[in-house]
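Engineer: I have a structure I would like to understand better, so I am pasting it below and will then ask my questions one at a time.
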């Protein structure tokens, strides 16, 4: 017999075995369902036979899921990548269902089929046993190994909240204080600017190499004593998930690169204290860019100044003379257009504000001292606002 003949025979045998397995699975499923329903009906009539044990609805459900899995046992037992033993951090959020966890695992490339994983977990009766927290998983783990790990393998972790408008140094200090990773090592990774994400390739030539702007503000469950690369990967992945394709397309339609979008959103994040003013402040800055005016944004000078030991703060208020004395490409009083890169890590609301600004003719605004701003169309009106609210 030729090799081709052998191949046809082998293919026929595999198909025949799968067909037999499928028929058996269906038979088991019918028997389980039929027997279970018959028993429930007889029990309701008070005529159920006396047996040594009773079968619960949960047991019937487990048997049904096992019957569904039977013809696909080969897929259940096969890892996504048997040769990839790299540890990956996986987080189960509070309130996530088995279905949500399964699709999350599939998106992360840790399982091949979310529905199959859900049936497996339910066949184990473990849908209520998956823990919230941080786990270390590998692509060379089988579905069953992953299901067991999610029940018993939670890593020691800390809940860390990264606030909107923090710069990388503030995030680093928080991570170190919580015992997650070294602050200095985290900053070193941030300043390497590496990440396998398309939005990071949008960085224009000459811009600083950094992940600043893309460390998405959120509350994270992070493993203790982990590597800084793991932490940045979690934050970048969150940015990729939280900034949907439609927002990215809207930026492109408006002529923004993602890098430009985040750079302006970062300024809005630092300027807006009252959420209701975000889109109006964004509108003012967009008007100034359209009119070829300098942005003259105080937060860009604050960012350029860096840490102020006299106040023990990263964002010390800008003094009027610093607008002309702080020599930095980030100083938008001295340099036209946007700064070289984001000055902080903005939240989704500020990103949306840039893409959906309030239509306005305002070109100026001045802080009132209560978190709100006085807006003006002309420079003369702006000077009046400064005088009214205590400006020099």
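Only the coordinates and a few stated rules stand behind these numbers; no lab work does. Because the structure is predicted, anything quoted here is derived from the model rather than measured. Quick reminder, even Gly has a Cβ in these numbers, built from the backbone with ideal geometry, and neighbours come from all protein chains shown.
Engineer: Which whole-number percentage describes the relative contact order of the range 253-391, with Cα contacts under 8 Å and a sequence gap of 6 or more?
Structural biologist: Worked out over the range 253-391, it gives 31 percent.
Engineer: Sort the range 257-388 into rounded, prolate or oblate with this rule: let a ≥ b ≥ c be the square roots of the eigenvalues of the Cα gyration tensor; rounded if a/c is under 1.5, and if a/c is not under 1.5, prolate when a/b is larger than b/c, oblate otherwise.
Structural biologist: Rounded shape, in that the Cα axes give a/c under 1.5.
Engineer: Given the peptides 79-92, 167-180, 260-273, 194-207, arrange them by the average over their residues of other C-beta atoms within 10 Å, most packed first.
Structural biologist: 260-273, 167-180, 79-92, 194-207
Engineer: For residue 178 and residue 163 in one chain, what is 0.36 nm times their gap in residues minus the Cα-Cα distance, to one decimal in nm?
Structural biologist: Going from the current span to full extension adds 3.9 nm.
Engineer: Also, I was wondering about something else. Beyond 21 Å, what percent of the Cα pairs of the range 95-190 remain?
Structural biologist: Summing the P(r) tail past 21 Å for the range 95-190 gives 46 percent.
Engineer: Where in the range 261-275 is the amide nitrogen less than 15 Å from a point lying 7 Å along the Cα-to-Cβ axis of residue 370?
Structural biologist: What the label zone holds, given the 15 Å backbone N cut-off, is 273-275.
Engineer: Continuing with the same structure: Below 8 Å, C-alpha to C-alpha, sequence gap of six or more: please give me the relative contact order for the range 235-303 in percent.
Structural biologist: 21
Engineer: Under a crude label model (7 Å from the Cα following the beta-carbon direction), how far is residue 377 from residue 140 in nanometres?
Structural biologist: 7.0
Engineer: While we're here: Taking 7 Å along the Cα-to-C-beta vector as the label spot, tell me the residue 386-residue 108 distance in nanometres, rounded to one decimal.
Structural biologist: 5.3
Engineer: For the range 138-258, what's the relative contact order in percent, using C-alpha pairs closer than 8 Å and at least 6 residues apart?
Structural biologist: 30
Engineer: So what's the convex hull volume per residue for the Cα atoms of the range 280-352, in Å³?
Structural biologist: Per-residue hull volume (Cα only) is 104 Å³.
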